[in-house]
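Below you'll find the structure, written out as structure tokens, and then a few comments.
The values are calculated or read from the model by the stated rules, or taken from the named source; none is laboratory data. These numbers were taken from a predicted model, which means no experiment stands behind them. Positions of Cβ are backbone-derived with ideal geometry, glycine not excepted, and every protein chain shown enters the neighbour counts. For accessibility, only protein heavy atoms count, side chains too; no ligands or nucleic acids. Shrake-Rupley method; radii C 1.70, N 1.55, O 1.52, S 1.80 Å.
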Number of protein chains: 2
Amino acid sequence: MQNSIKTHGRMKFAVLAKDSGSLARVCRFETDHGTVETPIFMPVGTHGVVKTLTPAELDDCQVQIILGNTYHLYLRPGLEIIEKGGGLHRFSSWNKPMLTDSGGFQVFSLAHLGKMTEDDITFRSHIDGSQHTLSPEISMEIQNSLGSDIMMAFDECTPYPCDYEYAAKSLERTHRWELRSKEHFDKLKPHYGHQQFLFGIVQGSIYSDLRAKSVEVLTNLEFDGYAIGGLAVGEPKAKMFELLSTISPLLPENKPHYLMGVGKPEDIIQGIEQGIDMFDCVLPTRNARNGTLYTWNGRIVLKQAQYRMDFAPPDESCNCYTCRNFSKAYLRHLYMNGEMTGLRLNTLHNIHFFLEVISKAREAIKAGGFSQWEKEFFKYYPVEDDHWEINTVHREERRRKHLNENDQSRQGGN
Amino acid sequence: MQNSIKTHGRMKFAVLAKDSGSLARVCRFETDHGTVETPIFMPVGTHGVVKTLTPAELDDCQVQIILGNTYHLYLRPGLEIIEKGGGLHRFSSWNKPMLTDSGGFQVFSLAHLGKMTEDDITFRSHIDGSQHTLSPEISMEIQNSLGSDIMMAFDECTPYPCDYEYAAKSLERTHRWELRSKEHFDKLKPHYGHQQFLFGIVQGSIYSDLRAKSVEVLTNLEFDGYAIGGLAVGEPKAKMFELLSTISPLLPENKPHYLMGVGKPEDIIQGIEQGIDMFDCVLPTRNARNGTLYTWNGRIVLKQAQYRMDFAPPDESCNCYTCRNFSKAYLRHLYMNGEMTGLRLNTLHNIHFFLEVISKAREAIKAGGFSQWEKEFFKYYPVEDDHWEINTVHREERRRKHLNENDQSRQGGN
């Protein structure tokens, strides 16, 4: 199979099972790095590594696919090194499927934003202040260089709150950007001999008519999968699930549905109920490093004094390396002393738990007992609050500033 | 086997092979947590964990015995937690042999020293300033609570430089302290059903007559093994090996010989040549976290730009997980981004390398070809400098201050 003549094909996708009482479903899609069975959770590997873990441990946790951050990898180590290293898979020794985001989200949330025009966005690196430009075409080029199995179209992820007028204008531009993404993607050849696929991203803020419009426009572009962006950005959680219930039924049934940046175990389960196939979030890894462990009975915050002499494992029913070998008292000791081994044992447990939850959900759907399983889950798992912990840090303020600037530039001459 | 009637036995020890051209030897000793074949290197697990690694990884690296720091563990998490957790072995899930130091070295080097008398030392914790007392008896009690397989007698580790008068006075007190250690140890019962053994520590600074005297006194106390302390503390390296060549032949042949705090690979090999059986050092773990890797061809400092696009593993001949899966370029990327996974992959490699070196030395001695093997090693491994990197940080200054204070108190009334 010659690299130079390989072109983008259609992603092989099949629905394997459907729940009778909800939109929940089990699907399968294929990449050259392996098959993914959904619903699935994707741990985040920002710098080409899932923080504190190794590929071997991800394997042990039944991780099927991870997410890499285009913005971070573009800045460090940069494309030259990744290309010469044989692409991100080989460079990072991850041989299973990988998805990359478009980089746009980090440009808006992390970088120092410069000018945003119809053509492109200029920004300064959050690391060294160096100036860069991102556009649909550049994002496609970068993701092509990274060599992810699934690339994401370039969009603007609108913040919350976002007025209708801006959301509508932004959506139109996002659609033009996604079209340009698709057109440029179609011209690119795979870099490393394996196929790449492209997902579109539905936007439209909290406005269901805009969301419906977005699904319609993007469906016509025939992406390999459809993501829902612009949720889990600070809106009330009930609002998200309400919107999801209007968007999700509109998505093409023969393509994967991906809810970006979600979430807590309870959110994932409710997302599955709404027909979502793919999830990603930094929650299990980031919170592990903050000393928080997820279990079937809820969260454990290791710094709490109640665990000082608690010599039971974090979760008696868990079969991960951490729970098989260590007590809460020991993990607390490691955490209180800043021992990295503790942070990795916490991360290992949380990733194992998230993948276990989603695997059990999958089994329940296949067995026709998803609703019953979901009820059981919520019987033991306390839902503690209704806040998004992620995606909102520093972001809202910057975005407001950006929106104001943008409003001014629109009033000025757009 | 009843815990309450178990008393301290003699450690089973055997010399398995001797080199014809040097003092190098292969020995074996037995503990209730398993047999140790020497020469051996002991990774340091300060807080009941070898930094960044898990017990499973230490197993994979053929680690036979680790060292725990009495001072640190006494302060955090404290004896109550460790005792209730079933001792340090069970608490930390390490099922192989473990040695603990006496705590004295850290009291002198890390804590805020209070008053040192013939009876005991008072000090304030480097963490919270709380006041504590350490004495030979207290050190024995603590190590008994920790439940290490090998305990160390309580001594004063004299600094370098150290005048003869102080060294001689200190040595006499150290001998009295070691006698008290032995007497108190003999009264203690094992805490957790497994036997504990006690090693004595030869002191005497750089003065060979004091060292000879120390060996004589301690040999009469019949410890289970003999450590050489007070070396690798800043003296010229040639001086250390010169002293070693006078001390080592005096040590009882039917007991393990342990050179404390050593060292670099080249030092370990030269120590083996001088009849040393056991070594410990934070070098492979600490330097791993500073981005330095040890290989058969010398050290790799990952921050150097030459590794930016070096896609070969750290050591082509190494079979560790790191070398089997990752390139120098990737490890450099992880290091430059402060990714913990990088620090653990570096540590894994370094511990694997140190254990591999010492295992090859063992094989060479058994096969009767140690001198030839040693020559081969130094043909490829560049010895870069003649400095101690470890044990001297912050230490000398504090010790000088302490010596001055002590001198004054002696002049005053001792």
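Miscellaneous remarks
- B:GLN270 falls short on exactly one of the conditions (1) open to solvent by 30 Å² or more (accessible area, probe 1.4 Å); (2) in a loop (DSSP other than H, G, I, E, B); (3) not acidic (Asp, Glu), and that condition is (2).
- The sole residue among A:LEU259, A:LEU283 that is within 20 Å of the chain's Cα centre (by Cα), crowded, with 21+ Cβ neighbours inside 10 Å, more than 14 Å from chain B (Cβ to nearest Cβ) and farther than 16 Å from A:LEU348 by Cα is A:LEU259.
- Residue that is nearest to B:ASP19 (Cα to Cα), among those in the stretch B:332-362 that are facing another protein chain (nearest Cβ under 8 Å) and among the hydrophobic types (A, V, I, L, M, F, W, C): B:LEU345
- Checklist (1) in a helix (DSSP H, G or I); (2) more than 23 Å from A:GLU363 (Cα to Cα) applied to A:ILE201, failing item: (1)
- Inside the stretch B:286-295, residues that are open to solvent by 10 Å² or more (accessible area, probe 1.4 Å) and either over 26 Å from B:MET260 (Cβ atoms) or within 12 Å of chain A (Cβ to nearest Cβ) (or both) make up a count of 1.
- Candidates A:SER248, A:SER214 - the one that is of a type outside the set (Val, Ile, Thr), crowded, with 23+ Cβ neighbours inside 10 Å and in a helix (DSSP H, G or I): A:SER214
- Any hit, the stretch A:297-320, residues being away from chain B (no Cβ under 11 Å) and among the β-branched types (Val, Ile, Thr): yes
- Screening B:PHE91 on (1) among the hydrophobic types (A, V, I, L, M, F, W, C); (2) within 14 Å of chain A (Cβ to nearest Cβ); (3) within 30 Å of B:LYS169 (Cα to Cα) shows it passes everything except condition (3).
- Figure legend. Inter-residue proximity from the stretch B:44-69: first residues facing chain A (nearest Cβ under 9 Å) and open to solvent by 10 Å² or more (accessible area, probe 1.4 Å), second residues among the small types (Gly, Ala, Ser) and assigned to a loop (DSSP other than H, G, I, E, B), beta-carbon distance below 6 Å, spacing 6+ or different chains. Indicated pairs: B:PRO55/B:SER93.
- Of the set (1) under 19 Å from the mean Cα position of the chain (by Cα); (2) surrounded by fewer than 19 Cβ atoms within 10 Å (Cβ to Cβ); (3) under 20 Å from A:LEU198 (Cα atoms), all apply to A:LEU79 but (1).
- Taking first residues from the stretch A:351-371 that are over 12 Å from A:ILE269 (Cα atoms) and open to solvent by 10 Å² or more (accessible area, probe 1.4 Å) and partners that are of a type outside the set (S, T, N, Q) and assigned to a loop (DSSP other than H, G, I, E, B), the Cβ contacts under 6 Å between residues at least 6 apart in sequence or on separate chains come to A:HIS352/A:CYS61; A:HIS352/A:CYS320.
- Taking the numbered list (1) crowded, with 17+ Cβ neighbours inside 10 Å; (2) touching an Asp or Glu at 6+ places or on another chain (Cβ under 8 Å) in turn, B:ARG28 passes all entries but (1).
- Residue in the stretch B:321-333 that is farther than 15 Å from A:THR54 by Cβ and touching a Leu at 6+ places or on another chain (Cβ under 8 Å) present: yes
- The test for being at pLDDT 95 or above, within 25 Å of A:LYS189 (Cα to Cα) and facing chain B (nearest Cβ under 10 Å) does not hold for A:LEU79.
- Test: residue in the stretch B:170-191 that is modelled with pLDDT of 95 or more and closer than 24 Å to B:VAL49 by Cβ: no
- Restricted to the stretch A:116-129, and to residues there that are part of a loop (DSSP other than H, G, I, E, B) and under 19 Å from A:GLU172 (Cβ atoms), the residue that is nearest to the chain's Cα centre (by Cα) is A:ASP120.
- Given (1) in the same structural domain as A:ARG362 (by TED's automatic domain parsing); (2) closer than 30 Å to A:PHE13 by Cβ, number of the condition A:TRP296 does not satisfy: (2)
- Considering B:LEU113, B:LEU88, the condition of being part of a strand (DSSP E or B) and in contact (Cβ under 8 Å) with a residue 60 or more places away in the chain is satisfied by B:LEU113 alone.
- Taken as a whole, the structure places B:LYS6 among residues that are at pLDDT below 95 and surrounded by fewer than 24 Cβ atoms within 10 Å (Cβ to Cβ).
- B:LYS239 meets the conditions (1) part of a helix (DSSP H, G or I); (2) at pLDDT 95 or above in every case but one. The failed one is (2).
- Restricted to the stretch B:82-101, and to residues there that are among the polar types (S, T, N, Q) and at negative phi, the residue that is most open to solvent (accessible area, probe 1.4 Å) is B:ASN95.
- When A:GLY86, A:GLY103 are checked against the criterion of being under 30 Å from A:GLN62 (Cβ atoms), within 14 Å of chain B (Cβ to nearest Cβ) and out of contact with any Cys (no Cβ under 6 Å at 6 or more places or on another chain), A:GLY86 stands alone in meeting it.
- The lone criterion from (1) more than 30 Å from B:ILE247 (Cα to Cα); (2) crowded, with 17+ Cβ neighbours inside 10 Å; (3) touching a Ser or Thr at 6+ places or on another chain (Cβ under 6 Å); (4) touching a residue at least 40 places away in the same chain (Cβ under 8 Å) left unmet by B:HIS72 is number (4).
- A:SER20 being assigned to a helix (DSSP H, G or I) and either modelled with pLDDT under 95 or of a type in the set (D, E, K, R) (or both): no
- Only a single item in (1) open to solvent by 20 Å² or more (accessible area, probe 1.4 Å); (2) at pLDDT 95 or above is not met by A:ILE276, and it is number (1).
- Residue within the stretch B:130-152 that is at positive phi, away from chain A (no Cβ under 14 Å) and surrounded by fewer than 17 Cβ atoms within 10 Å (Cβ to Cβ) present: no
- The set of residues from the stretch A:82-108 being hydrophobic (A, V, I, L, M, F, W, C) and at pLDDT 95 or above comprises A:ILE82, A:LEU88, A:PHE91, A:TRP94, A:MET98, A:LEU99.
- Residues located in the stretch A:226-251, provided they are on the phi < 0 side of the Ramachandran plot and of a type in the set (Gly, Ala, Ser): A:ALA227, A:GLY229, A:ALA238, A:SER245, A:SER248
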